[in-house]
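Data block below; observations after.
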């Protein structure tokens, strides 16, 4: 990052993008619920990293800075969509679907798609902050201390909000629970799904 | 023990408590329906979240400026080569006897058109990004100069006030001394 900041080194910046492109893309897609918009936001995040490179304090963690930039963009996009009266979550997308659209099908791939759509729609019901905590923890595998640094809130608050998010998701995802006939116990990463 | 806090249950779920506390909460969760239901629900949620998988994409090599232009020109060259090959193959496989002069003319026109269009697009993109970057740097420079100017003006203003104050006070003191002199 020093080379990018001091000399505007494009090759060094390319290395940074190569390292962070995938995680930031995943974050933006999961925060917006839209693959297309998420990819646009990820590109915008890197453009902002380069444009604001002089504001980065050397010695601080680059990861914290880049996560925060991407999250702020996602929050801004969410606010813009709200003002326009739109939903960022695209029900017609590849992983699209609303809670009400959950109808199990015999084909396993179709069921997987429905499950993914339900999870996506459930995450959309959470507030921005709760969603960002869930995404950073459950999908990106950050420690609570790291999430606290990104969001600039105490670690205890992160845990409290995580509990709140899990409780809300528990209600929203009830149709997927085993008692509803959807046994998820054979899925991998049960304790800490670091799925991508 | 009393019901653990939700923060403690989150740590319990991740196994991040000290060993004695982890054991204590585990015993509590086993015997307490309320806490047991919460932990089971959260475990279920974590399992369900794994259902949303994203297709991974090959990392995109980010290039800007001159490198991007070179890369795009290479792509254009490759596209033209492909076009020529395809066109030639189409002509060869055609049952009609090819008119070589007409073929050359058409091909040359097509290549010229494609090349012009692609080059114009790429050069316009490059020029636009270059101008944008230059403009941003100029704006940053002008902003810095303005800030410095503002700082100097403020400092000069304060200095002038101080000098005026000293002058007035000195004048007053001289007047007082003059009036009190015998």
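Read-outs: derived from the displayed coordinates by stated rules, not from any lab. Model, not experiment: these values are computed from the prediction. Here the Cβ positions follow ideal geometry from the backbone for every residue, glycine too, while neighbour counts run over all protein chains shown.
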Separation in nanometres of the label points that stand 7 Å from Cα toward Cβ, at residue A:48 and residue B:167: 5.2 nm
Footprinting exposure proxy for B:141, A:46, B:126 (fewest neighbouring C-beta atoms within 10 Å first): B:141, B:126, A:46
If each of residue A:128 and residue B:179 carries a label point 7 Å out from its Cα toward its Cβ, how far apart are those two points in nm? 6.6 nm
Taking the beta-carbon count within 10 Å as an exposure proxy, list A:76, A:114 from fewest neighbours to most. A:76, A:114
Stokes-Einstein D for segment B:133-182 at 10 °C, 1.306 mPa s, Kirkwood Rh over Cα pairs, in µm²/s? 112 µm²/s
Residue B:116 paired with residue A:152, simple spin-label distance in nm, labels 7 Å along Cα-to-beta-carbon: 5.4 nm
Using the beta-carbon distance between residue A:36 and residue A:84 and R0 = 22 Å, what value does 1/(1 + (r/R0)^6) give for FRET efficiency, to the nearest 0.05? 0.85
